Amino acid sequence: MKESKSLINALLSRLGNYSFIGLAVLSFAAATALIYTNNQRIDDETRAYFDTQRGLYGELLVDRSRRYLVMAMDKIVNSKAPIAKPPEELELAYAFLNVGEYTSRFDCVPDSLAKMDTAREALLIKSIPNDQIVGLLFRVLECQQSVAASKQSDKRKLATEILQSSEDGRTDSTALIIASYLVALFLWLLQINHRRKIQLANTEKQAWEKRALTDPLTGTLNRAALNEYLNAYLEGEDRVRRPISLLMYDIDYFKSYNDKFGHVQGDQALIQVTGAIQHALRADDKQFRYGGEEFVVVTEMTDATQLAALAERMLNAVRSLELAHPSGNQGIVTISLGVYVANDQPYEISELVDAVDKTLYQAKTQGRNRTVIRPSARSVQ
Amino acid sequence: MMLKRVSAFLIALLTSSMLYAATLELVDGDTRLVLDVDALVASATESHVAFAPFRKRTVEFRGHDFEAFLQQYLKHKVSRVNVTAVDGYQVSLSGIEGQTWMLVTHEDGKPLELRTHGPLRLIQTNIGDRDPNNMSLFDDWIWMIERIEVVD
């Protein structure tokens, strides 16, 4: 079951976003072809049985026989003088009744043909009066009427069958159209569900990645994120076009702050300091917790003057918090800051971190609460 | 009884071909030929045995190859004709060449009469995939022919 689900998902992915449209179009094409074929079949059947263009079945043979018989009877009845020869209409009436389908199916037909023979014989040798001949032919007329009625009934039956067949065909076509709609709908829902699952998986993945790369206490990015960022930066070609600078800072005398106020307040101080720093940064700058009270800011800014200004904003942001620190400079929490500009020469991550760490160390050894920028080695207090 | 048999014999002698006009009119433009049906009956040599849709049984037909018949009298090949029956029924036949039409004069050895759909009829010796039990598929097999007009 799981395998078949993944197979369907793989198939849907491969078919692409428009797969359901293609399959729906195929379904409609199949439905249209079936409707066309069905209509064509019915048309052909109808034409074969109800063709009025060519005459023969527009008027049944027996009807024509009856018409000629009536004409013959009329001639016989209205003849004042003896008839020289039997009317041609009598022969035609005979001919149109003398058809295999009638003689084999209707018992009265062979008898009627014999009666017409008798009538002809009587007219030739004038053996019986005309009115008796007409009386004889009336029997033939009755037979013709029963044959015609039966043939009409056949036609009606056939028409009903064709109509029924047409109805069945229409029902099949309707069912097929509905089925194709349902198939299209099903495929569409499947596609939507598939997309939703992918979106959900992506969202979860992003959330998980964010959690994995975020420091849970301060909300800054963590050391793993720093490594990932620097790794991507150093491996990419962006470094040549877009140099970066690293700013590493830590809180001065933070161990004694923790000793004095405890780790809970120490954590609060970390949160406040990183928050103040974040406000001092530009939107594109990134802040990472490197470890303990040490943080790294990565910026695309490389101009020494601008970097000095940024560093000053960061120092002032922390000072402005005025977090009391009896062992700190001026009795408040301050930070020391080392800045390193990474030019376009090749680096390892450890080299970069080591370089900026050294500038931070310089800032500390020079009295803390200050910035040291390399490679200019210019310090700003 | 004897008298009855004699009268039947006399009637048989006076067949419909004797009672009614027995000629075939053949028209080709300005040419108009009137052929004697008795002569056509007498000269019929082609034979074909097949299930007859209007008889519902197998019949031995005798007559003339229609294409050859037209060429014999009109001295050229004909591909389209209008055929008219005694009762006014008409069909238009095209593609005469290669369609195996036969001008029938006899059924089972007996000359056709008006009452047996004669004296001249047209059939096809090759009916393809048509069902011989369905008469409606053979409504161009015209009976009682009295006139043939070339429409090439």
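So is A:GLY292 at pLDDT below 95 and open to solvent by less than 60 Å² (accessible area, probe 1.4 Å) or not?
On the way: at pLDDT below 95: yes; open to solvent by less than 60 Å² (accessible area, probe 1.4 Å): yes.
It is true that A:GLY292 is at pLDDT below 95 and open to solvent by less than 60 Å² (accessible area, probe 1.4 Å).
Do we have B:ALA68 as at negative phi, at the interface with another protein chain (Cβ under 10 Å from one of its Cβ atoms) and among the aliphatic types (A, V, I, L, M) here? In short, no.
The one condition from (1) away from every other protein chain (no Cβ under 14 Å); (2) over 13 Å from the mean Cα position of the chain (by Cα); (3) open to solvent by 50 Å² or more (accessible area, probe 1.4 Å) that B:LEU74 does not meet is (3). Going by the structure shown, is A:THR174 within 13 Å of chain B (Cβ to nearest Cβ), surrounded by 12 or more Cβ atoms within 10 Å (Cβ to Cβ) and of a type in the set (Val, Ile, Thr)? No; evaluated as a whole, the condition is false for this residue. The single condition from (1) open to solvent by less than 30 Å² (accessible area, probe 1.4 Å); (2) free of Cβ contacts under 8 Å to residues at least 40 places away in the same chain; (3) under 17 Å from A:TYR253 (Cβ atoms) that A:GLN330 fails is (1). Scanning the range B:97-152 for residues that are within 13 Å of chain A (Cβ to nearest Cβ), closer than 15 Å to B:THR23 by Cβ and open to solvent by 60 Å² or more (accessible area, probe 1.4 Å) gives a single hit, B:GLU146.
Only residues that are among the aliphatic types (A, V, I, L, M), open to solvent by less than 60 Å² (accessible area, probe 1.4 Å) and farther than 30 Å from A:ASP267 by Cα were counted in the range A:189-236, giving 3.
How many of the residues making up the range B:119-140 are within 22 Å of A:LYS155 (Cβ to Cβ) and in contact with a Leu (Cβ under 6 Å, 6 or more places away or on another chain)? First the steps, then the outcome.
Initial filter on the range B:119-140 (within 22 Å of A:LYS155 (Cβ to Cβ)): B:130-140.
From what is left, the residues that are in contact with a Leu (Cβ under 6 Å, 6 or more places away or on another chain) are B:130, B:139.
Number of matching residues: 2.
A single entry from A:ALA72, A:ALA122, A:ALA114 fulfils the requirement of being within 12 Å of another protein chain (Cβ to nearest Cβ) and among the aliphatic types (A, V, I, L, M): A:ALA122. Does B:PHE51 count as farther than 19 Å from B:LEU26 by Cα and within 14 Å of chain A (Cβ to nearest Cβ)? Yes: the conditions hold for B:PHE51. Looking at (1) under 30 Å from A:LYS155 (Cα atoms); (2) free of Cβ contacts under 8 Å to residues at least 24 places away in the same chain; (3) polar (S, T, N, Q), which one does B:GLN71 not meet, given that it meets all the others? B:GLN71 satisfies all of (1) under 30 Å from A:LYS155 (Cα atoms); (2) free of Cβ contacts under 8 Å to residues at least 24 places away in the same chain; (3) polar (S, T, N, Q) except (1). One residue stands out in the range A:75-108 among those that are of a type in the set (A, V, I, L, M) and within 12 Å of chain B (Cβ to nearest Cβ): the one that is most open to solvent (accessible area, probe 1.4 Å), namely A:ALA84.
Look at (1) modelled with pLDDT under 95; (2) aliphatic (A, V, I, L, M); (3) in contact with a strand residue (DSSP E or B) (Cβ under 8 Å, 6 or more places away or on another chain) and you find that A:LEU337 fails only one, number (1).
The values are calculated or read from the model by the stated rules, or taken from the named source; none is laboratory data. In this text the structure is predicted, and so the values were computed from the model without any measurement. Every residue, glycine as well, gets a Cβ built from its backbone with ideal geometry; the counts of neighbours run over all protein chains shown. To get the accessible areas, we keep the full protein, side chains included, count just its heavy atoms, and leave off ligands, DNA and RNA. Shrake-Rupley method; radii C 1.70, N 1.55, O 1.52, S 1.80 Å.
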